[in-house]
Amino acid sequence: MAPSSKPRRRFDGFATFWGAPALIWQTAFFLVPLGLLVAMTFWAVKSYRLTPDFTARNWERMFTRDYFWTGYLYTFELAALVAVLASVIAFPAAHYLAFRASPRARRIAIFLLVTPFFTSYLVRIYSWKIILSTEGVLNVMFGWLGLGPFEMLNNAFGATIGYLTLCLPLTVMIQYFALSNIDRSLIGAAHNLGCGPLRTTVSVTIPAAKIGLILAATFAFILTFGDYVSPAYLGGGTPPTLSILIVDQTKSGNHWPRASVVAVTMVFTLITVLFAALFAAYGRPGAKK
Amino acid sequence: MTAARWQAAWTVLVFLFILTPIASLVVFSFNADRFPSLPWGGFSLKWYVAIFQDDSVRAGFWRSLRVSAIVSVLATFIGFATAYTDYRYNFRGKLPYLAIAALPPTVPVLILGLGMLSFFSMVNLVGTLSAVIAGHVVICAPFAMALIRMRLADMSPDIEPAAWNLGASRWATMWSITIPWCMPAILAGLAITAAVSFDEFMVAWFVSGLEETLPVRILALLQGQVSPRINAIGSLVFFISITLVAIAQVITPRQAR
């Protein structure tokens, strides 16, 4: 589609003007910092100063520590749990929006789902911190019923509430788009062949929307795996998740190379999970149905 | 029909869960009591008065406003340029080009923050708003690109060549045809990127040093005691970002035709 189809290699100022900004900016402030992060895992800290080096000591040090593996497992388990929970909680709602809700209700729902994505997550977590606290609204209400008070903060429950706040809107939305793209005649056919609503959902709707459902769960996993705010402020920080390890090593430990080891491990884990999910969603690469 | 009823009730519950923290935040920012909980302690504006008198909050607010204004212009320009390049040109390496332009939001902000901290500390920019701005543009530009690219998808690829054949230069065509066509998406991109930047705290926390933006101030307050002042700041931040998002949604061109 190039405007000049002649095979010439002259400098095209117009094309460069529009093509170059992203390349320059994202290379300088995205690729280079990430590359530096990888390089830094091999650097040393000598008398509190970061010194370029080529040593495996940071990797050794982190990978032989129990707290690292405890943190890794805990983070992974939480993320997997939240991916499943968010998918299960979101599905009936996404199904309702896709198949039963009126167009007006659907528009309002989409607005309500998009909005949280762009509005202060931090502030919403602060709000949960108050709601869930011992003197908070929920426990006051439980008190009216003669129950509680329940300990809902500084444990996995609190962290999970935070994680769901982070990823539920996106999960519902992706599932909703996946479900609304299903060929309606498939569902009609299932009904005509005598399938009840439940059987239709399990054996027609869910397989037809498989890709979207897997993607939704994957995004929930990715968001949860990398999040710092929920485990730190609602989860209480024990056992520390990988994100908390990074912040501790950076902010108080002042050992950036070790923090980078954790960060690079996280990136590799996320890439692996992403590819596993894509494989599960699309089947073997190249094998098109 | 009971199954459908249950499903409707479940859907309402899911949305209640999503909206509860915001509603509670705003409601208790007007509560007179020191601890934001029930029973209701009476209506009061004193927490808002308190934050307007707090110098560190005011300073953070102005920094955030400045950062998000600059970020939205830069990110939307880069987003437009990239979307147009994708729309108009095919070239070798286009896939990796688009990947580095679109990928930043999928990397956990914590990891971006750490990478940028180490990078900016090498070029002596840590503790400056320029570092915050550079980092935010990385995260925000892909959102603007996506919005503008969707708008360009609705513009026939023959329109620009028609203008060129009639003798308009490529710059003139860009200025008088392509940009006006994209204007709703450009405005939406400005609003969305401003909202994302205004709320972003992780990259800002890592690289801003003493130049705290408002969300970084909130993060610091979170580590201390619960105070309705945070409700008031939070409500303010929420109100600003929801206004920007609402503007973006209203002017975003509908795809349905």
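Every number here is computed from the coordinates shown, using simple stated rules; none is lab data. The model shown is predicted, which means the values in this text are computed figures rather than measured ones. Note that each Cβ is placed from the backbone with ideal geometry, even for glycine, and that neighbours are counted across all protein chains shown.
Here are a few things to note about the model shown:
- Of all residues in segment A:93-106, those satisfying the criterion of being assigned to a helix (DSSP H, G or I) and surrounded by fewer than 19 Cβ atoms within 10 Å (Cβ to Cβ) are A:PHE99, A:PRO103, A:ARG104, A:ALA105, A:ARG106.
- Residues that are acidic (Asp, Glu) and in a helix (DSSP H, G or I) within segment A:45-72 comprise A:GLU60, A:ASP66, listed in sequence order.
- Residues of segment A:190-230 classified as of a type outside the set (Gly, Ala, Ser), buried (at least 18 other Cβ atoms within 10 Å of the Cβ) and under 24 Å from the mean Cα position of the chain (by Cα), total: 13
- Hits in segment A:125-155 (condition: part of a loop (DSSP other than H, G, I, E, B) and among the charged types (D, E, K, R)): A:GLU135, A:GLU151
- Considering A:ILE174, A:ILE244, A:ILE187, the condition of being surrounded by fewer than 19 Cβ atoms within 10 Å (Cβ to Cβ) and touching a Phe, Trp or Tyr at 6+ places or on another chain (Cβ under 9 Å) is satisfied by A:ILE187 alone.
- Hits in segment A:107-143 - residues which are more than 27 Å from A:GLY236 (Cα to Cα), surrounded by fewer than 16 Cβ atoms within 10 Å (Cβ to Cβ) and more than 7 Å from every other protein chain (Cβ to nearest Cβ): A:ARG107, A:ILE108
- Out of A:SER252, A:SER243, sole residue that is small (Gly, Ala, Ser) and within 18 Å of A:LEU73 (Cβ to Cβ): A:SER243
- Only listed residue being out of contact with any strand residue (DSSP E or B) (no Cβ under 6 Å at 6 or more places or on another chain) and assigned to a helix (DSSP H, G or I), chosen from B:MET183, B:MET155: B:MET183
- One residue alone among B:LEU117, B:LEU125, B:LEU98 is within 27 Å of B:GLU212 (Cβ to Cβ), in a helix (DSSP H, G or I) and touching a helix residue (DSSP H, G or I) at 6+ places or on another chain (Cβ under 9 Å), and that residue is B:LEU117.
- Selected residue [farther than 24 Å from A:LEU23 by Cβ and surrounded by fewer than 17 Cβ atoms within 10 Å (Cβ to Cβ)] from B:SER235, B:SER176, B:SER241: B:SER176
- Among the residues of segment B:20-44, those that are of a type in the set (Gly, Ala, Ser) and either within 11 Å of another protein chain (Cβ to nearest Cβ) or in contact (Cβ under 8 Å) with a residue 40 or more places away in the chain (or both) comprise B:ALA23, B:SER24, B:SER29, B:SER37.
- Residues that are of a type in the set (Lys, Arg) and not in a loop (DSSP other than H, G, I, E, B) do not occur anywhere in segment B:234-257.
- Within segment B:199-226, tally of residues that are more than 8 Å from chain A (Cβ to nearest Cβ) and in a loop (DSSP other than H, G, I, E, B): 9
- A single entry from A:LEU85, A:LEU97, A:LEU78, A:LEU73 fulfils the requirement of being more than 11 Å from chain B (Cβ to nearest Cβ) and either more than 30 Å from A:PRO257 (Cα to Cα) or β-branched (Val, Ile, Thr) (or both): A:LEU85.
- Those residues of segment A:65-86 which are free of Cβ contacts under 8 Å to residues at least 24 places away in the same chain and closer than 14 Å to A:MET266 by Cα, in sequence order: A:TRP69, A:LEU73, A:GLU77
- Residue among B:PHE61, B:PHE91 that is surrounded by fewer than 20 Cβ atoms within 10 Å (Cβ to Cβ) and out of contact with any strand residue (DSSP E or B) (no Cβ under 9 Å at 6 or more places or on another chain): B:PHE91
- Matching residues in segment B:1-47 - criterion: being over 15 Å from B:PHE238 (Cβ atoms), of a type in the set (Ser, Thr, Tyr) and surrounded by 14 or more Cβ atoms within 10 Å (Cβ to Cβ): B:THR11, B:SER37, B:SER44
- The set of residues from segment A:12-64 being more than 33 Å from the chain's Cα centre (by Cα) and more than 10 Å from every other protein chain (Cβ to nearest Cβ) comprises A:LYS46, A:SER47, A:TYR48, A:ARG49, A:THR51, A:ASP53.
- Among the residues of segment B:158-178, the one identified as assigned to a loop (DSSP other than H, G, I, E, B) and of a type in the set (S, T, N, Q) is B:SER169.
- Matching residues in segment B:131-173 - criterion: being of a type in the set (S, T, N, Q) and surrounded by fewer than 14 Cβ atoms within 10 Å (Cβ to Cβ): B:SER156, B:ASN165, B:SER169
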